[in-house]
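See structure below.
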2 protein chains.
Amino acid sequence: MIKILVDTLGGDRSPDVNIDGAIMALNKFEDLQIVLVGNSEDIRAKLEGQTYDHTRLEILHAPDVISCNDKPTEAIRTKKESSLYVAFDTLRKDETVNGFVSNGSTGAILAGAVLRLGRIKGIKRPALCPLLPTMTGNVVAICDSGANMDCDSLMLHQFALMASLYIEKTYNIASPRVALLNVGTEEEKGDMLRKETYSLLSKDERINFVGNMESRDLLKGEYDVVVSDGFGGNVLCKSTEGACLEMLKLLKKTCTKSFKNKLGASFLKKDISEIKDFMDYNNYGGAVLLGANKTIVKAHGSCKAITIMHCIEQAYNIEKNNLRQLIEEGVSQDKSE
Amino acid sequence: MIKILVDTLGGDRSPDVNIDGAIMALNKFEDLQIVLVGNSEDIRAKLEGQTYDHTRLEILHAPDVISCNDKPTEAIRTKKESSLYVAFDTLRKDETVNGFVSNGSTGAILAGAVLRLGRIKGIKRPALCPLLPTMTGNVVAICDSGANMDCDSLMLHQFALMASLYIEKTYNIASPRVALLNVGTEEEKGDMLRKETYSLLSKDERINFVGNMESRDLLKGEYDVVVSDGFGGNVLCKSTEGACLEMLKLLKKTCTKSFKNKLGASFLKKDISEIKDFMDYNNYGGAVLLGANKTIVKAHGSCKAITIMHCIEQAYNIEKNNLRQLIEEGVSQDKSE
């Protein structure tokens with residue numbers, strides 16, 4: 001049995017999308033147990049009349065919410081009735097709980113993971129690892145996408161190892177192609193951090209390191225994992241996402257500009273909506289916090305129920321494949337060398 | 001009279017695009033003098049039969065080329081017959097020369113500027129400042145986009161001041177909106193470098209500092225200048241450019257997928273090609289190396305003649321508006337405080 005806590009507070013459309021997503025996941029996986037964390041009264045009202053296996057669903061009462069306006073490190077210490085506080089407390093204390101899915105404040109989730117839950121033995125820092133779609137239909141994982149602003153090369157080396165194991169084990173990709181985000185593809189490019197990391201990754205036979213990647217090549221589908229410090233990874237993810245969204249807006253404007261354009265666009269409608277679907281993060285689950293002591297998946301604040309379902313599925317697959325244990329073994333190898 | 005050196009070697013379509021662009025610029029500005037640097041025989045052959053004011057065009061013989069495969073710092077010291085070596089030598093020695101336009105190796109141009117030309121008095125490091133189009137039709141300047149990997153907050157402060165003056169004086173934008181590239185918009189976001197820079201920019205009354213910018217908002221047209229270290233700025237520019245190009249490819253694929261789609265796309269043809277034009281860097285000149293002792297403009301290696309024309313126009317406008325002097329005055333104010 002895999003037991004996943006699901007936050008029902010803190011997202012733009014909480015608790016509805018969270019509860020709906022949880023029920024979808026419950027109905028998909030027979031050996032999945034869900035614990036909904038939030039206001040029990042609201043949760044019960046929403047659950048009424050829905051079809052699911054009642055023996056596999058629990059409710060954990062936590063009426064308070066940590067919002068994006070709260071100071072993360074302070075809120076995670078003081079808001080003891082919040083869903084995030086209660087969830088991290090349970091994750092730490094209850095050995096039967098495997099993971100946690102939330103679309104609440106990223107900062108508070110990171111703070112909770114670091115301050116209240118802890119890391120896998122040997123891991124210096126947990127790292128956020130979201131997935132983006134590429135032009136070949138595969139996804140690419142970016143690690144770290146914003147959890148760690150100041151990084152050293154040992155951290156980046158661990159990010160590479162964790163993300164490579166994650167993609168290999170949960171997406172069945174044999175020896176994932178791992179690239180280092182840099183300002184050029186040549187070995188000597190970048191600052192000291194990149195040069196040191198390049199050297200570490202080149203020497204590690206467990207990692208299929210394919211060299212430096214320029215950010216313009218992210219979507220080409222030539223890489224499975226891109227390693228970066230959190231600042232660079234954050235800029236990479238958000239500028240790619242932002243540029244795609246602005247292009248879609250421009251296209252929409254073009255398609256509705258005149259009667260003639262509307263007519264032309266009507267022929268293309270299905271395929272243009274496929275482009276939109278393709279870029280829609282709701283279809284790709286959430287960002288996994290690799291290296292935390294339990295499996296944490298963070299969804300977009302404004303995500304839909306289907307995204308929460310995908311996030312629970314991610315957490316479920318990660319736990320099914322013993323990713324945390326594999327990471328711990330990988331890191332302990334580094335220490336024994 | 002404004003005198004600009006134009007490199008005719010090192011680009012993908014050199015010397016043709018460089019010479020054609022130079023002639024366009026000569027015919028546009030009556031008080032512009034051009035010095036073409038490269039193989040004099042090839043240049044003379046290409047000039048034959050073209051219409052331009054011969055009294056305002058010179059040729060500087062330099063038959064050798066520094067390619068992207070050369071090690072920049074080494075090549076700029078040893079390849080004494082290369083167009084870049086000769087150009088930087090002339091820029092340093094000849095006081096009548098105002099600037100330089102090249103679409104050769106970026107690394108070698110940076111090395112030439114730092115090692116052979118020098119900086120404006122008081123400037124810690126020159127910074128590359130390209131322009132990108134935004135959805136409102138304005139451009140946004142990104143400074144630094146890759147010249148400096150390891151930066152401190154004083155450098156970023158100078159980048160902000162230089163780019164703000166550049167946009168104000170050469171594009172006639174009163175008090176340009178300056179943002180700091182960061183992982184979130186809140187003041188306390190980012191690493192120590194961002195926090196220190198935020199504080200410096202907030203206090204400087206000469207800069208219209210509007211706060212932190214997330215990379216997903218770059219193309220919205222809400223900022224005129226984005227300040228960053230070279231690593232972050234490089235990731236920002238290239239991932240935005242890359243994502244836009246991949247979206248255009250996806251759109252092209254959609255428009256040619258079937259007979260029905262081709263028919264629909266024929267109605268939209270003009271407007272879709274406007275989107276393509278809009279994203280085409282050839283329409284926006286080059287990246288200015290702000291802080292160098294003469295005005296240096298770097299064009300894309302694979303650019304067209306019209307881009308070289310725009311780059312010469314940029315250098316011309318910068319010199320017409322005494323940007324270098326204004327930067328020197330600005331920096332000396334900082335010192336006297």
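The values are calculated or read from the model by the stated rules, or taken from the named source; none is laboratory data. Keep in mind the model is a prediction, meaning the values are calculated, not measured. Counting neighbours? That spans all protein chains shown, and the Cβs are built from the backbone with ideal geometry, glycine included.
Okay, here's what the table says:
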item	result
Residue selected from the range B:236-292 under the condition among the polar types (S, T, N, Q) and touching a Lys or Arg at 6+ places or on another chain (Cβ under 7 Å), by the criterion farthest from A:Met279 (Cα to Cα)	B:Asn282
Subset of the range B:4-34 that is modelled with pLDDT of 95 or more and among the charged types (D, E, K, R) - its residue that is nearest to B:Asp89 (Cα to Cα)	B:Asp7
Where B:Gly190 falls short, out of the listed (1) within 13 Å of chain A (Cβ to nearest Cβ); (2) among the small types (Gly, Ala, Ser); (3) within 24 Å of B:Thr134 (Cα to Cα); (4) buried (at least 18 other Cβ atoms within 10 Å of the Cβ)	(3)
Any chance B:Gly264 is closer than 30 Å to A:Ala265 by Cα, modelled with pLDDT under 95 and either in contact with a helix residue (DSSP H, G or I) (Cβ under 7 Å, 6 or more places away or on another chain) or buried (at least 24 other Cβ atoms within 10 Å of the Cβ) (or both)	yes
Residue list for the range A:54-79, restricted to those being touching an Asp or Glu at 6+ places or on another chain (Cβ under 8 Å) and either of a type in the set (Phe, Trp, Tyr) or assigned to a loop (DSSP other than H, G, I, E, B) (or both)	A:Ala62, A:Pro63, A:Lys79
Set A:Val37, A:Val114: member being at pLDDT below 95, in contact with a strand residue (DSSP E or B) (Cβ under 9 Å, 6 or more places away or on another chain) and not polar (S, T, N, Q)	A:Val114
Among (1) modelled with pLDDT of 95 or more; (2) in a loop (DSSP other than H, G, I, E, B) - the single one A:His300 does not satisfy	(1)
Residue in the range B:152-162 that is buried (at least 17 other Cβ atoms within 10 Å of the Cβ), under 29 Å from B:Glu274 (Cβ atoms) and away from chain A (no Cβ under 14 Å) present	no
Looking only at the range B:80-126, and only at residues there that are in a helix (DSSP H, G or I) and of a type in the set (Ser, Thr, Tyr), the one that is nearest to the chain's Cα centre (by Cα)	B:Thr106
Filter result (buried (at least 19 other Cβ atoms within 10 Å of the Cβ), out of contact with any strand residue (DSSP E or B) (no Cβ under 6 Å at 6 or more places or on another chain) and either under 30 Å from A:Lys252 (Cβ atoms) or within 14 Å of chain A (Cβ to nearest Cβ) (or both)) within the range B:283-299	B:Gly285
The range A:1-47: number of residues that are assigned to a helix (DSSP H, G or I) and acidic (Asp, Glu)	4
Subset of the range B:205-245 (residues that are at the interface with chain A (Cβ under 9 Å from one of its Cβ atoms), free of Cβ contacts under 8 Å to residues at least 12 places away in the same chain and farther than 15 Å from A:Leu218 by Cα)	B:Arg216, B:Asp217
The range A:247-265 - residue that is in a loop (DSSP other than H, G, I, E, B) and more than 7 Å from chain B (Cβ to nearest Cβ) and, of those, nearest to the chain's Cα centre (by Cα)	A:Thr256
Of all residues in the range B:166-175 being surrounded by fewer than 24 Cβ atoms within 10 Å (Cβ to Cβ) and touching a residue at least 24 places away in the same chain (Cβ under 8 Å), the one that is farthest from the other protein chains (Cβ to nearest Cβ)	B:Lys169
Some residue of the range B:266-278 being more than 7 Å from every other protein chain (Cβ to nearest Cβ), touching a residue at least 40 places away in the same chain (Cβ under 8 Å) and outside any helix (DSSP H, G or I)	no
Residues satisfying the stated conditions in the range B:245-290, i.e. within 30 Å of B:Arg125 (Cβ to Cβ) and of a type in the set (Val, Ile, Thr)	B:Val288
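Residues are listed down the side, and each one gets a yes or a no for (1) out of contact with any Phe, Trp or Tyr (no Cβ under 9 Å at 6 or more places or on another chain); (2) at negative phi; (3) small (Gly, Ala, Ser); (4) in contact (Cβ under 8 Å) with a residue 60 or more places away in the chain:
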residue	(1), (2), (3), (4)
A:Asp12	yes, yes, no, yes
A:Ala22	no, yes, yes, yes
A:Glu48	yes, yes, no, no
A:Ala75	no, yes, yes, no
A:Lys93	yes, yes, no, no
